[in-house]
Amino acid sequence: MPTQVLAYAFSLVTLCFLVCTICGIVLFFVRTDQINAALQHPLLKHGPFRRFPLVVKTTIFQDYFFRLAFPGFNFGLFAHANRQLSHVDPKRVPYSVKVPVVGFWASCWVGLAAMIAVWIILLMHG
């Protein structure tokens with residue numbers, strides 16, 4: 001039984017890595033301008049996106065993720081992102097904008113949980 005669960009968790013980590021890599025390339029290098037034009041984060045009023053450090057860029061994309069994936073949440077970081085991006089209607093955002101943002105961050109968080117599961121299984125049965 002632990003071997004099957006380990007194989008499933010490892011496969012999930014691998015899949016999340018591939019999805020994260022593909023969506024990250026699209027997000028950071030291919031559709032950056034289109035995504036920022038569609039969602040218009042308030043930080044973009046202070047300067048062009050390409051001049052921000054990587055930490056600020058990923059924070060902007062995470063705010064987009066929280067707004068697109070959790071529009072009704074009103075606590076913590078979710079509430080902050082929903083307040084900052086209240087002008088964005090997640091139902092009207094084009095699919096070509098949603099997929100890279102949600103795919104990148106969802107694969108990061110699911111992959112992190114799967115990686116923790118792999119390590120727990122390895123420590124318990126290895």
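Values in this text are rule-based calculations from the coordinates and carry no lab data. Nothing here was measured: the structure is a model prediction, and the numbers come from that model. As a convention, Cβ positions derive from the backbone with ideal geometry for all residues, glycine included, and neighbour counts pool all protein chains shown.
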### Message
Within 12 Å, Cβ to Cβ, of L85, how many net charges do the neighbouring residues add up to if Lys/Arg are +1 and Asp/Glu are -1?
### Response
0
### Query
So how do 46-55, 67-76, 8-17 stack up, highest first, on mean other-Cβ count within 10 Å?
8-17, 67-76, 46-55
### Task
With the Cα gyration tensor of the stretch 2-125 in hand, convert its eigenvalues to equivalent ellipsoid semi-axes via √(5λ) and list them largest first in whole Å.
31, 16, 13
### Message
For the chain, what does the helix formula give at 222 nm: sum of -39500 (n - 2.57) over DSSP H segments with n ≥ 4, over the residue count, nearest 500 deg cm²/dmol?
### Response
-23500 deg cm²/dmol
### Message
As an exercise, use a Förster radius of 22 Å and the Cβ-Cβ distance of S86 and V110 to find the FRET efficiency, rounded to the nearest 0.05.
### Response
0.20
### Additional length obtainable on full extension of the chain from F10 to T59, 0.36 nm per residue less Cα span
14.9 nm
